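**Q** Pasting a structure below so you can have a look.
The values are calculated or read from the model by the stated rules, or taken from the named source; none is laboratory data. If you're wondering where the values come from, they're calculated on a predicted model, not measured in any experiment. Note that we place each Cβ from the backbone using ideal geometry, even for glycine, and neighbour counts take in every protein chain shown.
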Amino acid sequence: MPKFLIRWKVNPHMIPADPEAQVKLMSSLFKMAKEDAKAGVCLNWAMFPEASGGISFTDQSEEELASRLMKYYPYLFFKVKPLLSLDQAMRAFQKSVESMKK
C-alpha cells in the first residue's frame with residue numbers, strides 16, 4: 001500500500017513565456033515522471049485536466065521521497081500527506097476509543 005499521497009502543482013512563475021521553451025520544459029518534466037514510474041517509485045501518477053497539477057502515490061521512505069521530489073523544484077510545488085491503511089485506521093480508532101474510556 002502507498003505510504004504517501006503527493007499533490008503536485010505547477011509553479012506558474014517558472015513556466016517560460018516562449019511556447020517552444022514551455023514544450024521543452026514540460027517534456028522534460030513528463031520524462032522525469034515516466035522514469036520515476038518505470039523505477040516503481042511513483043505510483044498511479046495523474047494530472048488534472050486543466051494541467052495545473054495532479055497527484056501520485058509512493059511507498060518510498062520520507063528521506064527517499066524528499067530526495068526524489070527535490071529534483072522537480074522549482075518547477076513543481078508539493079504537498080505530501082501520509083496515508084493509513086484500513087487496518088491502521090481501525091487500530092488508531094480503537095486506541096482513540098480506549099483512551100476516551102479512561
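**Q** Let me confirm something: among Ser52, Ser61, Ser96, which residue is within 30 Å of Ala21 (Cβ to Cβ), without any contact (Cβ under 8 Å) to a residue 60 or more places away in the chain and not basic (Lys, Arg)?
**A** Ser52
**Q** Do the conditions hold for Ala51, that is, is it assigned to a loop (DSSP other than H, G, I, E, B), aliphatic (A, V, I, L, M), more than 12 Å from the chain's Cα centre (by Cα) and over 10 Å from Phe4 (Cα atoms)?
**A** yes
**Q** Return only the number of the condition from (1) modelled with pLDDT under 95; (2) within 19 Å of Trp8 (Cβ to Cβ); (3) among the hydrophobic types (A, V, I, L, M, F, W, C) that Phe77 does not satisfy.
**A** Every condition holds for Phe77 apart from (1).
**Q** If I ask for residues that are assigned to a loop (DSSP other than H, G, I, E, B) and within 22 Å of Ser56 (Cα to Cα), which ones from region 3-17 would you list?
**A** Answer for region 3-17, where residues must be assigned to a loop (DSSP other than H, G, I, E, B) and within 22 Å of Ser56 (Cα to Cα): Lys3, Asn11, Ile15.
**Q** What's the number of the only condition in (1) of a type in the set (D, E, K, R); (2) surrounded by 11 or more Cβ atoms within 10 Å (Cβ to Cβ); (3) within 25 Å of His13 (Cβ to Cβ) that Glu64 fails to meet?
**A** Looking at each condition in turn, Glu64 falls short on (3).
**Q** Hey, another quick one. State whether the residues of region 18-34 include one that is modelled with pLDDT of 95 or more, over 18 Å from Lys79 (Cα atoms) and in a loop (DSSP other than H, G, I, E, B).
**A** Yes, because at least one residue in region 18-34 is modelled with pLDDT of 95 or more, over 18 Å from Lys79 (Cα atoms) and in a loop (DSSP other than H, G, I, E, B).
**Q** Could you tell me which numbered condition Pro2 fails, if it satisfies all but one of (1) in contact with a Phe, Trp or Tyr (Cβ under 8 Å, 6 or more places away or on another chain); (2) free of Cβ contacts under 8 Å to residues at least 12 places away in the same chain?
**A** Among (1) in contact with a Phe, Trp or Tyr (Cβ under 8 Å, 6 or more places away or on another chain); (2) free of Cβ contacts under 8 Å to residues at least 12 places away in the same chain, the lone unmet condition for Pro2 is (2).
**Q** Considering every residue within region 69-82, establish whether at least one is part of a helix (DSSP H, G or I) and aliphatic (A, V, I, L, M).
**A** Within region 69-82, one or more residues are part of a helix (DSSP H, G or I) and aliphatic (A, V, I, L, M).
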